[in-house]
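The structure under discussion appears below in the form of structure tokens.
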Amino acid sequence: MGSLSGKVAIVTGAGQGVGQGIALALASEGAAVAVLGRTRAKLDATCELVRARGAEAEAFECDVADTEAVPAVVGRVAETFGGIDILVNNAYSGAYGPLLEMSDRAFRKGFTTGPFAAFAFMKACHPHMKARGGGSIVNLVTSAMVRWDPSTFGAYAAAKQALRSLTRTAAAEWGPDGIRANSIAPHALSPGLKWWAETNPEEAEEFRRTIPLGYIGDCEDDIGRAVAALVQPAMRYLTGATIPLDGGQAHFG
């Protein structure tokens, strides 16, 4: 039996990339996984991979930008699995580019799918976690929040910095309920980053050289397994932290 046997996890944006890697790592430790995302075919594919690890999985179509629909989705997850123990807010759809070229609408989208969506999921999951004696929340942020030159990443970093602050507040306010909340800032070879690296090989190689460990993390082996370790009972005293999963590239003070 794995360290998360009997636990139920929600992972948003789990149809591919980092979200899928996290879902698979949680499944490998025995957790049942609610696989959330917008594209049914991708969700079903992740569910099949999760079940191949011997864990339960169910797909739930969900656009995190529709925050008013979040409580109902969370309610269906709790009804399907009997409760909720783990929440991973991974889904994000925002904008990148110079500030003067960015529309207000694009800027707001990053906040809607970032901290606003995470806030909705966190509030909806809170009573279910409290009823089970506690739980663990992991929110995905970014090292762009602390890089010396965040040019073209300003809107993204702003939304993620808000999410980081929200995470720290939840850790402080919900600790008495047995609920932990932490952030991770990963570098992972997601489909998007892989496409960028293949399209811009020289820039990608320069980027890789700035990572002390010398490579971009694997979605499951480096990011997913770290999340699985973070949410297990053995880490019960860690909350309110921001953990860089970037091979040592960034410094979080």
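Brief remarks on what is shown
- Accessible surface, the chain, averaged per residue in Å² (probe 1.4 Å): 48
- Cross-link pairs exceeding 27 Å between alpha carbons, from the set K42/K160; K123/K160; K130/K194: K130/K194.
- Once you divide the Cα radius of gyration of the stretch 155-215 by 2.2 N^0.38 Å, the number left is 1.58.
- Cross-link reach list, aspartates and glutamates versus K7, counting only Cα pairs under 18 Å and skipping chain neighbours closer than eight places: E29, E56, E58, E79, D85, D177
- Of A185, T80, A250, farthest towards positive along the dipole that unit charges on Lys, Arg, Asp, Glu beta carbons give the chain: T80
- Ignoring aspartates and glutamates fewer than eight residues from K109 along the same chain, the ones with Cα atoms less than 20 angstrom from its Cα are E61, D63, D66, E68, E101.
- Between the stretch 103-137 and the stretch 205-245, the alpha-carbon center distance in angstrom: 21
- Computed magnitude of the charge dipole of the stretch 135-253 (debye, nearest 20; Cβ of K, R +1, Cβ of D, E -1): 480
- Dipole check for the chain: with +1 at the C-beta of Lys and Arg, -1 at the C-beta of Asp and Glu, and the Cα centre as origin, the magnitude is about 640 Debye.
- Between D149 and T169, the C-beta separation translates, for a Förster distance of 30 Å, into a calculated FRET efficiency of about 0.60.
- Using R0 = 41 Å, the C-beta based FRET efficiency linking K130 and A41 works out to 0.75.
- Computed helical MRE - 222 nm, the chain, DSSP H runs ≥ 4 contributing -39500 (n - 2.57), nearest 500: -13000 deg cm²/dmol
- By accessible area, using a 1.4 Å probe on protein heavy atoms only, the chain has 52% of its surface on carbon and sulfur.
- Contour minus Cα-Cα distance for R51 and D66 (0.36 nm per residue): 2.6 nm
The values are calculated or read from the model by the stated rules, or taken from the named source; none is laboratory data. Quantities reported herein were computed from a predicted structural model and do not represent experimental measurements. Methodologically, a virtual Cβ is constructed for each residue, glycine included, from the backbone with ideal geometry; neighbour enumeration extends over all protein chains shown. All accessible areas refer to the heavy atoms of the entire protein, side chains included, with ligands and DNA or RNA removed. Shrake-Rupley method; radii C 1.70, N 1.55, O 1.52, S 1.80 Å.
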